[in-house]
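Asks: Below you'll find the structure I mean.
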Amino acid sequence: MNEGVEWALHSCLNLAWLGGDRAVTAARLAAYHELPAPYLNKQLQALVRAAILSSVSGPKGGFRLARSLDRITLMDVVTAIEGPDEAFRCTEIRAQGPGAAENGRGPAVECAIAGAMGRAELAWRRELAARTLDDVRLQAERQAPDAPDRIRRWFANT
């Protein structure tokens, strides 16, 4: 999973703490974590295409949440940034090389590795789909109760 997922998740939390009506530019969101703005902008555009964020044009434009955090799952964000493809792709290499002739059963029998990886990915996807950004927000606020105010002050002063 690329770092864009982490950046997207933090951006969504920051936008929530700033308030739903406020649009923030990619440059300002990037500056808070010292990230490259053009790359973060690509992640934010992917969130817009997934209807997680909305984009506002004009002098007071930028990005804001398109729906509340309790309606955005971690899987929503991962899929928006990474795409819907499975992380592991079995290419049936067991049907190649000298082991292919000895295998005897051929690729008709499920590859044990592909099966194990598929079950692991399904568990991972289910967990991400069961957790919302609001769950993460609550945990973040328990760990750092001053974070929302600190973020609001930083964005108000820049």
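Asks: Ranked from highest to lowest mean number of other Cβ atoms within 10 Å per residue, what is the order of the peptides 68-75, 40-47?
Replies: 40-47, 68-75
Asks: I need to check one value: relative contact order of the range 46-158, counting alpha carbon pairs closer than 8 Å and at least 6 residues apart, in percent.
Replies: This gives 27 percent for the range 46-158.
Asks: What is the angle, in °, between the Cα long axis of helix 3-18 and the longest principal axis of the Cα atoms in the chain? Nearest 10 is fine, range 0 to 90.
Replies: 30
Asks: Would you work out the charge dipole size for the range 1-101 about its Cα centre, treating the Cβ of every Lys and Arg as +1 and the Cβ of every Asp and Glu as -1, and quote it to the nearest 20 debye?
Replies: Once rounded to the nearest 20, the dipole reads 400 debye.
Asks: When N is the residue count of the range 1-54, what does its C-alpha Rg come to as a fraction of 2.2 N^0.38 Å?
Replies: 1.01
Asks: Nearest 10 degrees, 0 to 90: what angle lies between the long axis of helix 133-143 and the longest principal axis of the chain (Cα atoms)?
Replies: 70
Asks: Hey, any idea what % of the range 48-100's accessible area is carbon plus sulfur with a 1.4 Å probe?
Replies: With neighbouring chains kept in place, the figure for the range 48-100 is 52 percent.
Asks: Roughly to the nearest percent, how much of the accessible area of the range 106-158 is carbon and sulfur, given a 1.4 Å probe?
Replies: Percent of accessible area from carbon and sulfur atoms in the range 106-158: 58.
Asks: Whole number in Å², please: accessible area per residue of the chain, 1.4 Å probe, ligands, DNA and RNA not counted.
Replies: For the chain, the per-residue accessible area is 60 Å².
Asks: Also: Given Ala87, Trp154, Val109, which one lies farthest toward the positive end of the charge dipole of the range 75-158, if we put +1 on the Cβ of every Lys and Arg and -1 on the Cβ of every Asp and Glu?
Replies: Checking the options against the dipole of the range 75-158, the answer is Trp154.
The values are calculated or read from the model by the stated rules, or taken from the named source; none is laboratory data. Treat the numbers as computed from the prediction; the structure is a model and nothing was measured. Glycine also receives a Cβ, built like all others from the backbone with ideal geometry; neighbour counts cover every protein chain displayed. Note: accessible area is taken over every heavy atom of the protein model, side chains too, but ligands, DNA and RNA are not part of it. Shrake-Rupley method; radii C 1.70, N 1.55, O 1.52, S 1.80 Å.
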